[in-house]
1. Identify the residue in segment B:46-57 that is within 7 Å of chain A (Cβ to nearest Cβ) and β-branched (Val, Ile, Thr) and, among all such residues, is farthest from B:GLY107 (Cα to Cα).
2. Among the residues of segment A:268-316, count how many are within 27 Å of the chain's Cα centre (by Cα) and under 18 Å from A:GLY427 (Cβ atoms).
3. Condition check: modelled with pLDDT under 90 and crowded, with 21+ Cβ neighbours inside 10 Å. Does A:LEU359 satisfy that?
4. Would you point out the residue of segment A:324-365, among those that are outside any loop (DSSP other than H, G, I, E, B), more than 9 Å from every other protein chain (Cβ to nearest Cβ) and among the small types (Gly, Ala, Ser), that is nearest to A:LEU420 (Cα to Cα)?
5. Mind checking whether some residue in segment A:34-45 is modelled with pLDDT of 90 or more and within 18 Å of A:LEU134 (Cβ to Cβ)?
6. Across segment A:375-402, what is the total count of residues that are under 20 Å from A:ALA194 (Cα atoms) and either more than 10 Å from chain B (Cβ to nearest Cβ) or assigned to a loop (DSSP other than H, G, I, E, B) (or both)?
7. A:LEU258: within 10 Å of another protein chain (Cβ to nearest Cβ) and under 20 Å from A:GLY403 (Cα atoms), yes or no?
8. Is it the case that some residue within segment A:278-288 is in a loop (DSSP other than H, G, I, E, B), within 12 Å of chain B (Cβ to nearest Cβ) and without any contact (Cβ under 8 Å) to a residue 60 or more places away in the chain?
Amino acid sequence: MTAAAAPRLPAILGTIRPRPRGRETRLLLLVGLTILVGSVSLELAGRVTDPGESAGLSPANPTHLAIYLGLIALAHVALILSGRRVDQILLPATAMLGGISLLLMERLPQSQVVQTVGPWKLGLGDIQLAWLVLSFGLATVLAITVRNDRWLRLYKYTWAAAGVALLLATYLLGDDINGQRLSLSLGPISGQPAELLKVILVVFLAGYLSEYRPLLVEESTKVGPISLPPVPFLAPMAAMWAIALGLVVVQRDLGAALLFFTVFLFLLYAATGRLGYVVLGVLLFLAGSWVMYHLVHTVQTRVDIWLDPFASPTGDGYQIVQALYAFARGGLLGTGLGAGLPTVGGRLPIPAVHTDFPLAALGEELGMVGVMAILGLFLVVVERGLRIAASAADEFRALLAAGLALVIGTQALIIVAGNLKLIPLTGITLPFVSYGGSSLLVNGIIVGLLLALSDRGVEPPPPPRQPSRFARLTGRVTRPETPAAARAPLPPAAPLQPGGTEG
Amino acid sequence: MTGATGTRSKPLGRTIGHVGLALTLAFAGLALGAGYWQVLRSPELTRAPDNPAVIAAARNVVRGPIVDRDGKVLASNRRNPDTGEPYRVYPHRAFSTVIGYASQDFGNAGLERSWNAELTGLSGGDAIGDLLRKFQADPYDPRKLTLGLSTALQRAAVAGLGDDRGAVVMLDPATGEVLALASTPTYDSSAIANPTTSRDAFAAVRDSAAKPLLTRATQGRYVPGSVFKIVTAIAGLGSGRITPSTTFPQQPRAERDGLLVSGFRVREHPGVPAETFDLADATEWSSNIWYALAGLRTGGDNLAAFAGRMGFGSQLAFDLPTVASQVTNGDGNEPGGFTDDVELANASYGQAETVVTPLQMALVAATVANDGALMRPHLVIATAGRDGSRSIAPEQAGVVFSPDDAAALTEAMRRAVESDIGRQFTSGADVPGIAVAGKSGTAELGGTGAPHSWFIGFAPVDQPRVAIAVIVERGGRGGARAAPLAGDLLALYFQTFGR
C-alpha cells in the first residue's frame, strides 16, 4: 500500500531519483479507460433492465472504482519515485484482471457475501475492493523494498517446515466447510493457508533445485528407458508426491494438490531439462489419481460429475451444467456486462459464481471474445514472469521467478479448464479475479516478488555454497573431481542470456 | 546403475522457454474449449428447457399462439390484471394431454415444454441469426405453432372414449402428420396455467389416481393382443419366411387340441374352424394358432428386427416424450432376445412380454397403408415468426417391407373388417361407402378384469389417407368398444375432409 510507502519519503527525500515509466503509464491509462467503459456498460444495463427481473444486478459504485483506479495510480507513482528499474507490464496486466474482478463483484448481488465490521455492513464489492487494495498495496511495498533474497535463499528448509506446520495446523484446528477443511481462523481473521503454501513451496523448490541442480542433471540410475537422478535426490519428488496426495486425503483439496504437483514438475524440468523426470512424475500422478479415485469418495464424485454432468442436471451436475449454460448464452460476443446471468425467483443461476465460476459469468457477459482477452492477460503475466526468470542473475532467482509465474499460470489453467469441463472441477480460485482475501493477498505477494526480481540493479546474489556434506557423501565419493566440473559452466555472474527487455 | 558421463545441463533460459511454450499450448487448449461451448454447442444449450434464460424469458414473454391445422386457436394468452404478467388460456380441454400447460409455478408440460424455446422466441435455431438478434431492440421473437391436429377429430375422439381411460391416434400415413392424439382422462390445463387457480388445479391433477398427466397415446404401455399380429405378418412377409399363401398342415389338429410348443399348449379362441388357413383367412379369423406357427417360422431375430424398423425397442422421435414399445423384454438367449419358443409363439399374437404404445401401433397401421414405408410422425407442421414462416416437411423414417407384401396384407386386413367372418370380430369399424382395412385386438391381462379393447386400421383401402389406432382400457373385446369408435372417427374424417 502506498500509505505504507509514503511515510518513508521524508527520510529518503534527499536520495529520491524518480525514474519515468512511460510504458507503464500508457498501459495503465488504457486499463483505466477499459474499466470506465465497463462501469458505464454496467450502469446502462441497470437502467434498461426491468426492475422486476433485475434482482441479480446491482449498479456499479463509482466511489469503489475511483478508489481502485486511484490506488493503482498511487502504486504507479510510488514505483516511479522509488527509481527502481522493475518490469512495466506486470502491474498493468494484473491491475486489468483486478479491475475486471471488481466490476464483476460490483455487478453480482451484494448479498452474496455480507460481513459486519464494526459499524459497517460490507457487501461483496466492498470486501473485494478492500482485499484488492491490500493486495496491490502489498505488491507495491514488496516491489520497492525487497532488495536482497537472503531471507528466502538461506532458509529454504525453515520455510518448508513452516509450510508443513501451516498445513498441519489447518488440519488440526481448521474449520470444516462443505466437507473440506481449508480455512484457519485466528480470532476474527480467517484465511486459507494453502494459498500461502504456494509461495513457500516455490521458495523451497527454487532453493533446493538450484543447489542440487548439477547433481540432478547427471544420469545415474536407469530404469528402463527413463533416466533417474541419483536415488537420494528422488526424495523431494517422492515428498512432493506425498504432500499432494496428503492434501487430497486429508483436506479434500484436489485443486491445490494438482497445482502443487504441476508446478513442481514444471520447475523440475526447468531446472534439469530432463523430460524423463516429467514422464516419471506424470506416471506417478496417474497412479496416484487411480488410487485416489478408488479410495476417496470426493474424487470419485468429482470425476463422475465431470464425465457426464448432464446425467444429473438438477443434482450433482447442477453447478457445472449451469456454468456451461452461461458460457453458451454468452456466445461469441456476450450479452454485455450486466445483461447476463438471468435470475429465476431472485436466485443467481450458478451457485458460488463469485469464487468458483467468475469466468462463466464473464464468459456470458463478455462472450468468447472476453474469455480470450482474460486468458491473454494471464499469458502476459506468465510471459513476463518467465522473461524475468530467464534474465535473472543466478539460478535461485531464475527458478524463483519462474515458479512464481507458473503458480499463477497453472492455477488459472486448472480452474479455467475445470470451468469449461475439460478436466474435473476443483475448487481453486481464478487468480486476481475470484472473490477471496487469501488468494488476492498471496497473488499480491507473488506480483511484488516478481517485480522485485525483475530489477537488475539490486544486490548481486551471494556466491554459491558448497554442496552439503550429504551430497558429497552420496553423489561425489567415487568421483570427487566432478562437482567443480559440473558447476563450471554455471558461474553465478552470467549463466543466462541477458534480458534487456526493460523499456 | 550406469556410469554418468558428466552431462552438461541445458541453459536455464532454454528450459524455461520450453515450460512457457507448454503452458501456452495448454492455454490454446482452453481457447478451443471456450470455442466448443460458446460457439459450437451454444445454440443447443441456449434452448435447453432448464436453461435459466429460457425459464426467465417464459415468465415475461407473451408466448406464441398454438393453432390447429385449420387455424383454430388451441392456446392463447391473457394478462393477469394485478401483475401484468401474461398467462396461457386453452379453449379445448381435449388437447390438454397434447399441448400440456405453461405455468409460472409448476413449469411446463407437453408441447409447451418441448417447443418452449420457439414459443418464447428465445432462439430461432441458428447461431448467426441469434448473434444478429442481440442488436435488435426486442430480442425475443415468439413463434406461432401450427399443429396437424384437427379440432373436430380430437374432440370427437375424446368424447368417444368418454369416461373410459384410453387413447386414439389418427395420422396421415403418407406424411406422418398427426390428425388426432387423444388420451383420456383429460384435465383442465387452463386452470393450471392461471396463476390464481394453479396451486389447487395442479395438486388435483398430480394426485389423481387416473394419472391424467400421463399422455397415454405416447407413454401408455399396453399389452397389444391380436393387433400385434400385423407386426408378425410384416416380419414374416418382409423376411420372406412366409408368403400370403403360406399354410400349415398341422393347423387343423392344433385348432382342436392346441398347438404344442416345447411342452406349452397354445390355445385358439372359440369358434375358429379346424382348417388350414392362408394369411387372409388367418387375419380374418384372427387365428392365434396360424400366427403362432407363422411367428415360429419367421424367427425371433426377424420379428425383433422388423419391429425395430418401425420403432420398437427405442423411444420414438416425436414432439412429445415417448416410451419404447417392446416385442420381448430381451433377457432371453434365443435370437431376438426371446427366452424360448413358447415366448416367441405367444408374442406372435401379442401376448407374452409384448408391450406397445398406441402411437407405435398407429405407425404399424400407417406402414401397411403407405406401401411399406414409414413416415416420421409429427405434431407441429409449421412455425411462424417475425422472419416469416417455416413448414416442417414430411420425412421418411425408413422402408419396412415391400409394396407387394403391403398390398397382400392390406387385402387381409380389408377382409378382417369387411367380410362376414371378419365382421364378427370388428363390428362397427366399417364406414358406409368407404373400404376400410384393419385388425381388432382383445388383450388378455390375466386375472378376472375385462381385457383391453384394441383396433388398428386405415382407409380408404385403395389410396389410404388416414391410419388409426384405438385402445380402450378394460373395454372388453376389440369389437365391443375400439372397433366401433374407430368406425365413427373414420366416418367423421371423411365427412370433415371429403371422400
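1. The extreme case among them is B:THR46.
2. Final tally of qualifying residues: 12.
3. no
4. Looking at residues that are outside any loop (DSSP other than H, G, I, E, B), more than 9 Å from every other protein chain (Cβ to nearest Cβ) and among the small types (Gly, Ala, Ser), I get A:ALA360.
5. no
6. Matching residues across segment A:375-402 total 1.
7. Taking the combined requirement at face value, the residue does not satisfy it.
8. Among the residues of segment A:278-288, not one is in a loop (DSSP other than H, G, I, E, B), within 12 Å of chain B (Cβ to nearest Cβ) and without any contact (Cβ under 8 Å) to a residue 60 or more places away in the chain, which makes the answer no.
The values are calculated or read from the model by the stated rules, or taken from the named source; none is laboratory data. Since this is a predicted model, take the numbers as computed values, not measurements. Here the Cβ is made from the backbone with ideal geometry for all residues, glycine too, and neighbour counts use every protein chain on show.
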